[in-house]
Amino acid sequence: MYWRTETRIRLRTRLLPGLLAGLLAAASVAAWAGAPGDAPPAAAGAGAEREGCNEPLCYTASSLQAERNHMVLQDIHIVDTTRGITRIQADQAEANGQDLGNSEWVLTGHVQVWMPQGKLSADKATVQFVNKRIASMSARGTPAEFEHSAAPVGQDGTAADGAGRGRSAMETAHGHARDIDYDLEHDLLKLNGDSWLSDGCNEINSQSIVYDIANQKVRADAAPGGDTQVHGTLHARTGPQCGPGVGRP
């Protein structure tokens, strides 16, 4: 994902006067930015130094407006370095509260999330920050989509091993739903509304699916009182993606 080419003044300062300085000081969140035309951000899993962020939580934006305990940022890019590197990008973010490190941010427009072992895209997302790290996020889209791999995933869609060499992301789960809730603390995904989950061999369609990433468990439920049932498909495939030892839901 590359930055848009726009003629805008990008936020560069770490400490701003007045109200904003109070907000940032309360959160101890570092603001950072690159100049227009800079190379795109490093892929998820890269070091914090490559991201230009040496704090637990950093962000950059093309513009910022703050009033009392409310802040609006355009072309937001957030970096969380507390679990490897997690990056979030969106057209706009609204944050409320004096302590930005313990607050709720609402992101809208082309929301993209890159995590060390997956990615997520949505039209809108609500991100909860606790102690200067992303604790959870709720994404909504038509549909919202996610991908999880057993190995770190880069922007080219392939997994990368510890030496940084690309390899096929065979051990990958894909899913989509109208709403996706992701609990990062417990590595738990909840899909609600026209939910679909697949590992390339098996597919599950249901109104509600819970994917326990940490324990590689899946639970699907039909809508209470409805006629919709849980539907599963087992593909008659051969190949490494369906072979023994492959981690899949």
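Structural remarks
- Residues in the range 190-227 that are open to solvent by 30 Å² or more (accessible area, probe 1.4 Å), touching a residue at least 24 places away in the same chain (Cβ under 8 Å) and of a type in the set (S, T, N, Q): N202, N205, Q216.
- Only listed residue being of a type in the set (S, T, N, Q), at pLDDT below 70 and at negative phi, chosen from Q229, Q241, Q207: Q241
- Selection count where residues are assigned to a strand (DSSP E or B), surrounded by fewer than 20 Cβ atoms within 10 Å (Cβ to Cβ) and in contact (Cβ under 8 Å) with a residue 40 or more places away in the chain, scope the range 90-122: 1
- When the range 62-89 is filtered for residues that are of a type in the set (A, V, I, L, M, F, W, C) and not in a strand (DSSP E or B), only I85 remains.
This table checks each residue for (1) on the phi > 0 side of the Ramachandran plot; (2) modelled with pLDDT of 85 or more.
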residue: L11; (1), (2): no, no
residue: L20; (1), (2): no, no
residue: L23; (1), (2): no, no
residue: S28; (1), (2): yes, no
residue: W32; (1), (2): no, no
residue: A43; (1), (2): no, no
residue: A66; (1), (2): no, yes
residue: Q92; (1), (2): no, yes
residue: Q98; (1), (2): no, no
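The values are calculated or read from the model by the stated rules, or taken from the named source; none is laboratory data. What you see is a predicted model; the values in this text were computed from it and never measured. Heads up, the Cβs are rebuilt from the backbone with ideal geometry, glycines too, and the neighbour counts pull from every protein chain shown. The accessibility values were calculated without ligands, DNA or RNA, using every heavy atom of the protein model including side chains. Shrake-Rupley method; radii C 1.70, N 1.55, O 1.52, S 1.80 Å.
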